[in-house]
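S.K.: Below is a structure I'd like to ask you about.
The values are calculated or read from the model by the stated rules, or taken from the named source; none is laboratory data. All values derive from a computational prediction rather than experimental measurement. Reconstructed Cβ throughout: ideal geometry from the backbone, glycine too, with neighbour counts over all protein chains shown.
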Amino acid sequence: MPLRKKVPLYIQIETIIKSKIRTGELKEGDRLPPENELSNQFGVSPLTVRQALSSLVGEGLLDRKPGIGTIIKKNLDEKIILELSGKMDELLSIGKETETVVLRSEVIQGFDKPIRNLNLGETDPILFIEKVRYWKGIPCMVVEEYVPQSLIGNLSKNKKSIKSLYLIMTQKKGFVLKEATQTIESSIADQRIASLLQVEMGSPLFYMERNFYNETGHPILFQMTYARAEYFKFSVHLGRELKEKEIKWVVY
């Protein structure tokens, strides 16, 4: 099976195995050939094959069992689907399917994106939470939340009691978040995010930014999210409306 020279060999092998899983040629529970056999098939060293398989194990697609071999663990069609319906609850629904571990909770100042998105000054204190969300035991998202400290005050020193600044604001502090905006773009994992998500540097990600607004239209919560691309699918419902004798597409 010929491989291209310009793309790292182990990444090409990962892509080929993923493609076979996606098309159904390899199914959950199937066993891969031994590493030496795969290295002969691809014309590469066993070390290159081992690197590719280790990356797929880290992504949760393969499982290595002593005495049995390398097993297909997951169907690539199984994803977390987030429907972009225009309802703010859809932006938060993913939390119902995941487990959350808070890594950091502290007060910061002068961080460019939160300052701009929350209309704050460089010296204004901002509450910051960084957390990792796990889906079926696999780290799938890194979420950063930012809120002006003046709105909430101090956070608990017990990180286990802190799950979400959104929940603190809406359930404990009584804020009404009237609307939110969200942007989604493609990105790749840098060293820090790759370590938290247990993937290789340069792995594909969805990068999302969310701004939540109060009843007067003022931004009071900002989120940055890094999501492993292979675990997510976004769905948009398109409808048509007839206005002034012109049919227009509308996103619901």
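S.K.: Any residue that is of a type in the set (Lys, Arg), at pLDDT below 85 and under 14 Å from ARG104 (Cβ atoms) - is there at least one of those in the stretch 160-168? Give the derivation first.
M.R.: Step one: filter the stretch 160-168 for residues of a type in the set (Lys, Arg), giving 160, 163.
So of that shortlist, the ones also at pLDDT below 85 come out as 160, 163.
Next, only the ones that are under 14 Å from ARG104 (Cβ atoms) stay: 160, 163.
Checked against the condition, which is being of a type in the set (Lys, Arg), at pLDDT below 85 and under 14 Å from ARG104 (Cβ atoms), the stretch 160-168 yields at least one hit.
S.K.: When you check HIS237 against the structure, is it modelled with pLDDT under 90 and surrounded by fewer than 18 Cβ atoms within 10 Å (Cβ to Cβ), yes or no?
M.R.: Answer is yes for this residue.
S.K.: Report, by residue number, each residue of the stretch 140-154 that is among the charged types (D, E, K, R) and out of contact with any helix residue (DSSP H, G or I) (no Cβ under 6 Å at 6 or more places or on another chain).
M.R.: Looking only at the stretch 140-154, we keep the residues that are among the charged types (D, E, K, R), and these are 144-145.
Result: GLU144, single match.
S.K.: Answer yes if at least one residue in the stretch 141-148 is part of a loop (DSSP other than H, G, I, E, B) and touching a strand residue (DSSP E or B) at 6+ places or on another chain (Cβ under 8 Å), and no otherwise.
M.R.: As a first pass, look at the stretch 141-148 and keep what is part of a loop (DSSP other than H, G, I, E, B): none.
No, the stretch 141-148 has no match at all.
Residues checked against (1) out of contact with any Phe, Trp or Tyr (no Cβ under 6 Å at 6 or more places or on another chain); (2) more than 22 Å from GLU59 (Cα to Cα); (3) surrounded by 19 or more Cβ atoms within 10 Å (Cβ to Cβ); (4) among the aliphatic types (A, V, I, L, M):
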| position | (1), (2), (3), (4) |
| --- | --- |
| GLU179 | no, yes, no, no |
| ARG192 | yes, no, no, no |
| LEU205 | no, no, yes, yes |
| PHE212 | yes, yes, yes, no |
| HIS218 | yes, yes, no, no |
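S.K.: Please enumerate the residues belonging to the stretch 221-234 that are among the hydrophobic types (A, V, I, L, M, F, W, C), farther than 16 Å from ILE138 by Cβ and buried (at least 20 other Cβ atoms within 10 Å of the Cβ).
M.R.: Just the residues of the stretch 221-234 that are among the hydrophobic types (A, V, I, L, M, F, W, C), to begin with: 221-222, 224, 227, 229, 232, 234.
Cutting the leftovers down to farther than 16 Å from ILE138 by Cβ gives us 221-222, 224, 234.
Those that are among the hydrophobic types (A, V, I, L, M, F, W, C), farther than 16 Å from ILE138 by Cβ and buried (at least 20 other Cβ atoms within 10 Å of the Cβ): LEU221, PHE222.
S.K.: Looking at GLU215, GLU200, GLU209, can you tell me which residue is charged (D, E, K, R) and at pLDDT 90 or above? Before you say what the answer is, go through the steps one by one.
M.R.: Numbers: GLU215 fails: at pLDDT 90 or above; GLU200 fails: at pLDDT 90 or above.
Answer to the check: GLU209.
S.K.: Hey, does the stretch 161-169 have a residue that's hydroxyl-bearing (Ser, Thr, Tyr) and touching a helix residue (DSSP H, G or I) at 6+ places or on another chain (Cβ under 6 Å)?
M.R.: Filtering the stretch 161-169 down to residues hydroxyl-bearing (Ser, Thr, Tyr) leaves 161, 164, 166.
Of the ones still in play, those that are also touching a helix residue (DSSP H, G or I) at 6+ places or on another chain (Cβ under 6 Å) are none.
Checked the stretch 161-169: no residue is hydroxyl-bearing (Ser, Thr, Tyr) and touching a helix residue (DSSP H, G or I) at 6+ places or on another chain (Cβ under 6 Å).
S.K.: Where residues in the stretch 127-148 are buried (at least 21 other Cβ atoms within 10 Å of the Cβ) and of a type in the set (A, V, I, L, M), which of them is farthest from LYS233 (Cα to Cα)?
M.R.: This residue is LEU127.
S.K.: Considering only residues that are assigned to a loop (DSSP other than H, G, I, E, B) and free of Cβ contacts under 8 Å to residues at least 40 places away in the same chain, which ones fall in the stretch 157-176? Show your work before the answer.
M.R.: First, the residues of the stretch 157-176 that are assigned to a loop (DSSP other than H, G, I, E, B): 157-158, 162-164, 173-176.
Matches in the stretch 157-176: LYS157, ASN158, LYS173, GLY174, VAL176.
S.K.: Between a first residue in the stretch 191-207 that is part of a helix (DSSP H, G or I) and a second residue that is β-branched (Val, Ile, Thr), which pairs have beta carbons less than 8 Å apart while being 6 or more apart in sequence or on different chains?
M.R.: ILE193/VAL142; LEU196/VAL132; LEU196/VAL142; LEU197/VAL132; LEU197/VAL142
S.K.: Shifting gears a bit: List, please: which pairs have Cβ atoms under 7 Å, are six or more places apart or on different chains, and start with a residue in the stretch 101-120 that is touching a residue at least 40 places away in the same chain (Cβ under 8 Å) and assigned by TED's automatic domain parsing to the domain that holds ARG192 and end with one that is among the polar types (S, T, N, Q) and not in a loop (DSSP other than H, G, I, E, B)?
M.R.: Matching pairs, first to second residue: VAL107/GLN149; ASN117/ASN211.
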